[in-house]
Amino acid sequence: MKKVAIIGQGYVGLTISAFAAKSYQVIGFDNSQKVVEQLNQGISHIEGVKSADIKAAISAGNYRATADGADITGADIVVIAVPTPLDKDRKPDLTFLESACKTIADNISHSVLVINESTSYPGTIRGVIKPLIEKLSAGKAEHLYAISPERVDPGRVDWDQKNTPRLYAGLTPEASKQTREFYSSFCDNLVEVSSPEVAEAAKLFENTFRQVNIALVNEFAQISHALGISVYETLDAADTKPYGFMKFNPSAGVGGHCIPVDPSYLSHVAAGLGVPATFIERANEVNLEMPKYVVARVMADNGGSLKGKSVQVVGVSYKPNIADTRETPAELVIEELTRVGAVVNWNDDLVGSWKGQSSTPLGGAEIAIVVTLHDGVDKKAVLASAPYVFDTTGKLPGAKGL
Ligand SMILES: NC(=O)c1ccc[n+]([C@@H]2O[C@H](COP(=O)([O-])OP(=O)(O)OC[C@H]3O[C@@H](n4cnc5c(N)ncnc54)[C@H](O)[C@@H]3O)[C@@H](O)[C@H]2O)c1
């Protein structure tokens, strides 16, 4: 059985590990000792990956987590699935990717297939990963390189690794062939594109498309309010057109590891080429300003000031039915509420604890602002939780809203 090392055991890496462990011997390398210990006890920390599947893979001898880079020695394939965030200036931060390259260079001295699944700008596999591994390993081995961007949507059950079409491209025909072989063990629909740059750019454009459309609908929500019409009714009306329209919903902003981040990778590469990415930049601004707009609306409805008023933010994960709080707009809503002098707590039993604080029981505040509404939350209870409820989700008829 071939051996696959998967670097990074988070949302992407662990999901891939669970699927690949059905046909390959998987070594899950992560530099978090805590994650590794949990995984080796058969406990999944990722929604969508069942602990039972990790336990079964361990029992079959097909999965082991490790924080020791030496354990990836002997792998036939290495998949990179590490974070690619933005730095403090909202520019691509490739330090995790660079550290993954070092792990490969230090521990692999024979020729392997290196596949990058981390989202990054076009040219990353050819111009960053390959030269860095070659430099750090001082030419110990000539590897094959490929890209296959990840499309996992945490919390989603209808589209998964098996039925979601997967893009891929190798730097050489042999790299493409081996990449196809690997993914065809668990994915039904593989789509080869002509170059890694096309695959890398397609991934960024998919999320930029969403970012720009979300910003557009968020701006439209503000226009609708000023016009005195319902944004939801107007969107439903537009959505009766059977072609040429796709409905996006307004919200308190965008969150997660992809939509607020990936478009900035595209604008970064565009800037380097001298092409202004004005839509992307403006969409970012509109989405980042939404929390302030929400607080301004709540303030206007409550006598023009929230100073000293108790406010509960309901739902702090970045989207419904998952506990992930990365880049959540709830954080900016809380920051803005605090800035204007409100006394803020939050309720989200799915998240439980966040930034060193625990979820506060629903109710007890003068004002509730719903940022995320999980399916399991009792809507009537939320509506009754405060004398004034502002809903940013459009799912609470009877509440004030966008
Ligand atoms: N989460 C998603 O929905 C999603 C979807 C598509 C693409 N992506 C992309 O996939 C990549 C990974 O994202 P994620 O959501 O899995 O991140 P994550 O934060 O859930 O997991 C990353 C894991 O990598 C580990 N790690 C960090 N640096 C490491 C290193 N040098 N060596 C070994 N382990 C390391 C961390 O400890 C963590 O466990 C990112 O580029 C992201 O943009 C994510």
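No value in this document is a laboratory result; all are computed from the given coordinates. Note that the structure is predicted; figures quoted are calculated from it, not measured. Note: ideal-geometry Cβ built from the backbone for every residue, glycine included; neighbour counts use all protein chains shown.
Some observations on this one:
- Note that segment 300-307 has calculated 3J(HN,Hα) couplings of 4, 6, 10, x, x, 8, 10, 4 Hz, one per residue in order, obtained from phi through the Karplus relation 6.51 cos²θ - 1.76 cosθ + 1.60 (θ = phi - 60°); glycine and proline are x.
- Seen from Lys355, the other residues with C-beta closer than 15 Å to its C-beta sum to a net charge of -4, counting Lys and Arg as +1 and Asp and Glu as -1.
- For the chain, calculated [θ]222 nm from helices alone, where every DSSP H run of n ≥ 4 adds -39500 (n - 2.57): -11500 deg cm²/dmol
- Ranked by how many other beta carbons lie within 10 Å on average, peptides 136-146, 310-320, 198-208 from highest: 310-320, 198-208, 136-146
- Among Trp346, Trp159, Trp354, sorting on how many other beta-carbon atoms sit within 10 Å of each Cβ, with the fewest leading, yields Trp159, Trp354, Trp346.
- Under 5 Å, built H, 5+ apart or other chain: amide partners of Tyr145: Val114, Leu171, Thr172
- For segment 169-257, a simple Cβ point-charge model (Lys and Arg +1, Asp and Glu -1, everything else neutral) yields a dipole of about 100 debye relative to the Cα centre.
- Residue of Asn249, Asn163, Asn213 that the Gaussian network model of the chain assigns the largest fluctuation, springs spanning Cα pairs under 10 Å: Asn163
- Only Cα pairs under 8 Å and 6+ residues apart enter the sum, and on that basis the relative contact order of the chain stands at 11 percent.
- Computed from backbone phi with θ = phi - 60° and the Karplus coefficients 6.51, -1.76 and 1.60, the 3J(HN,Hα) list for segment 10-18 is x, 3, 7, x, 6, 4, 5, 4, 5 Hz; x is used for glycine and proline.
- Peptide ranges 386-396, 228-238, 251-261 listed from the most packed, as the mean C-beta count within 10 angstrom indicates: 251-261, 386-396, 228-238
- Only Lys, Arg (+1) and Asp, Glu (-1) charged, at Cβ; the chain dipole about Cα centre in debye: 140 debye
- Here's how it looks for Val26: its modeled amide H is under 5 Å from those of Val4, Tyr63, Arg64, which are all 5 or more places away or on a different chain.
- Proximity of backbone amide H atoms, modeled 1.01 Å from N, is registered between Val389 and Ala368, Lys400 at under 5 Å, excluding neighbours fewer than 5 places apart on the same chain.
- Cα-based radius of gyration for the chain, normalised by 2.2 N^0.38 Å, reads 1.07.
- Distance from segment 323-359 to segment 374-402 (C-alpha centre basis), Å: 17 Å
- Three-way shape call for segment 205-401 based on the alpha-carbon gyration tensor, with the a/c threshold at 1.5: prolate
- Taking Lys162, Lys247, Lys55 in turn, the Gaussian network model of the chain (Cα-Cα springs below 10 Å) assigns the largest fluctuation to Lys247.
- In sequence order, segment 270-280 has phi-based couplings of 5, 4, x, 9, x, 9, x, 9, 5, 4, 5 Hz under the Karplus curve 6.51 cos²θ - 1.76 cosθ + 1.60, θ = phi - 60°, and Gly or Pro positions carry x.
- Gaussian network model of the chain, springs between alpha carbon atoms under 10 Å - residue of Asn287, Asn116, Asn40 with greatest fluctuation: Asn40
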